[in-house]
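Bear in mind that the values in this text are calculations on the coordinates, not laboratory data. Owing to the predicted nature of the structure, the values given are computational and were not obtained by experimental measurement. Backbone-built Cβ (ideal geometry, glycine too); neighbour counts: all protein chains shown.
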Amino acid sequence: MKKIFKIIFSLAVVCIIFFFFHSQIEQVFFSLENKYLPCSRPITYSIGSFDDRFGISKDEFIKVVNTGEMVWEKAINKDLFIYKSDGSGVLKINLIYDIRQEATEKLKEIGITVNDTKASYDELKLKYNIMQTDYFNSKKSFELQINLLQNRQNAYEKEVSYLNENGGASKKEFDRLNTEKRALEVEFIEINKLQTQLNFDVDNINSLAIVLNRLILSLNIEVNKFNTIGDQLGGEFEEGTYKEDAISREIDIYQFDNIGKLARVLTHEFGHALGLGHLESPESVMYRLNNGVNEKLTIEDILALKKRCELAL
Ligand SMILES: [Zn+2]
């Protein structure tokens, strides 16, 4: 009797643990399976966080994700991933809106389109240099003007308080000071406009710097990173990342210029999810930089997948 009670109690404990930690347990199980029995069962995936500021609907996004999935599956004619619309997928795909996409959009607003080509990079670099020179000139003149204005304001206030302490102003003095007061107000409105324009310029220059830094990385150009004005933005710029630990697997997408590029990033990250590392050849989808234009797998990609899935080469 005691024994039966013990068994029931143990089972209950196991059930409770499973109830509270089933998603973590599932993740650990999948990690082990992925490690020791790769490609044996399709990896389930769902959309995690989705930001609609990218201007792509969730349905469209899922379609592109599906394209990325199919690229691998067609290569070896095997189900490698399964989409779970109820959100229960082990692998979460997140569309995260951040400064990179914001910068691209901001440039679009002022009529600058970005392409992932060296020519586009050179053109943007030229614009960056011109805008930066203009900005520093305007800033210098702004600082000069604001200094002059501040001196005028101080002189005005000094005179007003002197007259107040010495029995007030004559009609003539009063009229002159009133005129000066109004003139100062107009000047301050103008200088505020200038300040707003300068802030706008800074935003655009920073957007250019962010986009240029991304291009340096994706085109593999050997130059120093562009500085932004004001706060420094560190870190590497990637369009997407794959991360995996004991309890979660995630693909984060940060930036894309067009659907073709998005599909390619997703295919690359799906490759990582399958356990593939980076490949040497720049044409490969699994090359460390997303600089290719086609989203087809190269022989090198296919061989890596076959090796990973323990299929005949
Ligand atoms: Zn990668």
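Beta bridges per DSSP, both residues in the chain: antiparallel share near 30 percent. A Förster distance of 41 Å, applied to the separation of the beta-carbon atoms of GLU283 and TYR83, puts the FRET efficiency at 0.90.
Peptides 48-54, 161-167 ranked from most to least packed, by the mean per-residue count of other Cβ atoms within 10 Å: 48-54, 161-167.
For LYS307, the lysines whose Cα falls under 17 Å of its own Cα, not counting residues fewer than eight places away in the same chain, are LYS35, LYS74, LYS78. Give me the angle, in degrees from 0 to 90, between the Cα long axis of helix 58-76 and the longest principal axis of the Cα atoms of the chain, rounded to the nearest 10. Orientation of helix 58-76: about 40 degrees from the principal axis. Take the Cα of TYR156, go 7 Å toward its beta carbon, and the backbone nitrogen atoms of segment 187-208 under 14 Å from that spot belong to 187-192.
Computed from the Cβ-Cβ distance with R0 of 30 Å, the FRET efficiency linking GLN195 to LYS225 stands at 0.60. Under 5 Å from the amide H of TYR45 lie the amide H atoms of ILE82, TYR83, LYS84, VAL90, LEU91, each residue being 5 or more positions distant or on a separate chain, with H modelled from the backbone and absent for Pro and chain starts. Judged by the mean number of other Cβ atoms found within 10 Å, the most tightly packed of the peptides 244-251, 131-138 leads the ranking 244-251, 131-138. At full extension, ILE130 and GLU105 could sit 7.0 nm farther apart than now, given 0.36 nm per residue minus the alpha carbon distance. Treating the angle as unsigned and between 0 and 90°, give the value, to the nearest 10°, between the Cα long axis of helix 99-109 and the longest Cα principal axis of the chain. Its long axis makes an angle of about 60 degrees.
Here the chain is treated with +1 on each Lys and Arg Cβ and -1 on each Asp and Glu Cβ, and its dipole about the Cα centre works out to around 900 debye. Of all lysines in the structure, those lying under 26 Å Cα to Cα from LYS106, and not within fewer than 8 positions of it along the same chain, are LYS58, LYS118, LYS125, LYS127, LYS139, LYS140, LYS193, LYS225, LYS261. Once the chain from GLU180 to PHE21 is taken as fully extended at 0.36 nm per residue, the excess over their C-alpha distance is 49.9 nm. Compared with the dominant principal axis of the Cα atoms in the chain, helix 118-165 is inclined by about 40°.
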